[in-house]
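Notes to accompany the following structure.
The values are calculated or read from the model by the stated rules, or taken from the named source; none is laboratory data. For clarity, every value in this text was computed on a predicted model and none was experimentally measured. Cβ placement follows ideal geometry from the backbone for every residue including glycine, while neighbour counts extend to all protein chains displayed. Just the protein is used for accessible areas: all its heavy atoms, side chains included, with ligands, DNA and RNA removed. Shrake-Rupley method; radii C 1.70, N 1.55, O 1.52, S 1.80 Å.
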Amino acid sequence: MLRFLLEILLCFAAMANLFNSSALAEVLTCSNIVPMRNRVDKISITDFGGVGDGRTLNTKAFREATYRIQHLNRRGGTLLYIPPGVFLTESFNLTSHMTLYLARGAVIKATQITENWPLIAPLPSYGRGRERPGGRYISFIHGDGVHDVIITGENGTIDGQGDVWWNMWRQRTLQFTRPNLVEFVNSEHIIISNVIFKNSPFWNIHPVYSSNVVIRFVTILAPHDSPNTDGIDPDSSSNVCIEDSYISCGDDAVAVKSGWDEYGIAYGRPSSDITIRRLTASSPFAGIAIGSETSGGVENILAEHINLFNMGVGIHIKTNSGRGGTIRNITMSHVYMENARKGIKISGNVGDHPDDKFNPNALPIVKDITINNVWGVKVLQAGLIQGLKDSPFTEICLSDINLHGLAGPTSPPWKCSDVFGAARQVSPSPCSELSSNQPGSCANYF
Ligand SMILES: *[C@@H]1O[C@H](CO)[C@@H](O)[C@H](O)[C@H]1NC(C)=O
Ligand SMILES: *[C@@H]1O[C@H](CO)[C@@H](O)[C@H](O)[C@H]1NC(C)=O
Ligand SMILES: *[C@@H]1O[C@H](CO)[C@@H](O)[C@H](O)[C@H]1NC(C)=O
């Protein structure tokens, strides 16, 4: 009898739990930001002489196929089908109203012959290439001024074969800034979904000066020791939604940016309204980063339900003197991390300058940062918050944070300077600057 009652009780408990969490709660997705389109007009790369033998160079086929899509301009756009096979090619451009569709087993592979790799102008918000002065190598797959572009399929692979580029970086023989794997410049209504990105020469996915960009169900893979292989870097872009993806790479998994020092300040284009959710990531640098290039400002960012493992810094907001820009209204919530050097870092002293023309008095503003429901195990240091003396960080609101060290419930304590805010239910207890008995400007959140 007792056992029967217990079972009924357990059953009710399970039901209540179900109703509370998933059953009734609406699962939010990015799909309303850019609707998926079905294209009636379909062509295959093989129609243009494409050969998927891993050796034939298919540059002409890719360029002719996109030329055909652009100039025939079929109503509703055109799908370019990449069948199973390995299609080696040089870089190519995408055009508006197209879907690049990779079948299961399809691989679009970048050539490792780097001598003739095309150069393009530096981004105005950077004033120069990110790693070398002057122009920069065009991304492997590039879209400039395009709209209504979809890269999708059955989890085929876009392989940057980046090791030749990583070695040039290591040997300091790079002439210009390495190519991104996929870049959209001045573009809108973009979907990237169900694709595997592998071994990017530099950043993997870089939407810049773009809006309405959806990135979901992607896998991004690059070795942890590959230099600067950031996962996804929304840069001076708005209405970007990233979800349900797996990233393991050699630099920040996701980094929201908006230009570099005096060039970014002059260009003045912020990143705003960006959602990042249900991501699993691993990297020797940051899981979710803002910065360090934030000169156009970064605002209205929500990152939630993030799983991080084998990390450098779980959550990293980074800027520098000379950057200018305002970072505000950033929310990070429900972040789980395992094995990280640092849990949370917010710092005004990170990143290099494009040249010596930056204005050291262009101080960044960092305010209204909410971090809650963070759980970590094997986190070497819980947190570090370093504002600027002449521009202290304000409204830094931490709540329900539990970061365990290697050996037990506590890890080395927080370190803070030039910061105002509050903390509630944070363990180990944070620095006195964030003392919990003065909720102040954080009262709204607690
Ligand atoms: C690709 O786009 C870039 C940037 O718009 C342009 O400079 C380049 O000429 C294009 N390449 C081809 C092959 O059309
Ligand atoms: C592709 O991978 C995603 C995970 O990123 C998975 O959810 C989806 O089911 C896969 N699709 C196919 C067609 O295998
Ligand atoms: C703050 O950002 C969130 C998105 O994370 C947005 O919904 C909200 O409207 C923003 N608040 C303000 C005051 O702009």
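Structural remarks
- Failed criterion for I232 (all others in (1) away from ligand 3 (no atom under 16 Å from the Cβ); (2) within 11 Å of I220 (Cβ to Cβ); (3) assigned by TED's automatic domain parsing to the domain that holds N361 hold): (3)
- Scanning region 260-282 for residues that are part of a strand (DSSP E or B), among the acidic types (D, E) and away from ligand 3 (no atom under 16 Å from the Cβ) gives no hits.
- The single residue among Y81, Y126, Y137 that is under 22 Å from the mean Cα position of the chain (by Cα), open to solvent by 20 Å² or more (accessible area, probe 1.4 Å) and touching a residue at least 24 places away in the same chain (Cβ under 8 Å) turns out to be Y137.
- Looking only at residues of region 143-200 that are closer than 17 Å to R130 by Cα and among the aliphatic types (A, V, I, L, M), we find that the one that is surrounded by the fewest Cβ atoms within 10 Å (Cβ to Cβ) is M168.
- Scanning region 360-371 turns up no residue that is open to solvent by 10 Å² or more (accessible area, probe 1.4 Å), more than 16 Å from ligand 3 (Cβ to nearest atom) and not in a loop (DSSP other than H, G, I, E, B).
- Selection of region 226-244 for residues being touching a strand residue (DSSP E or B) at 6+ places or on another chain (Cβ under 8 Å) and open to solvent by 10 Å² or more (accessible area, probe 1.4 Å) yields S238, N239, D244.
- Any hit, region 190-210, residues being in contact (Cβ under 8 Å) with a residue 60 or more places away in the chain, over 28 Å from Q381 (Cβ atoms) and within 16 Å of ligand 3 (Cβ to nearest atom): no
- Residues satisfying the stated conditions in region 8-47, i.e. in a helix (DSSP H, G or I), at pLDDT 55 or above and over 18 Å from I151 (Cβ atoms): N32, T46, D47
- The set of residues from region 215-225 being crowded, with 24+ Cβ neighbours inside 10 Å and more than 14 Å from ligand 2 (Cβ to nearest atom) comprises just one member, A222.
- R170 being out of contact with any strand residue (DSSP E or B) (no Cβ under 7 Å at 6 or more places or on another chain), of a type in the set (D, E, K, R) and within 23 Å of D230 (Cβ to Cβ): yes
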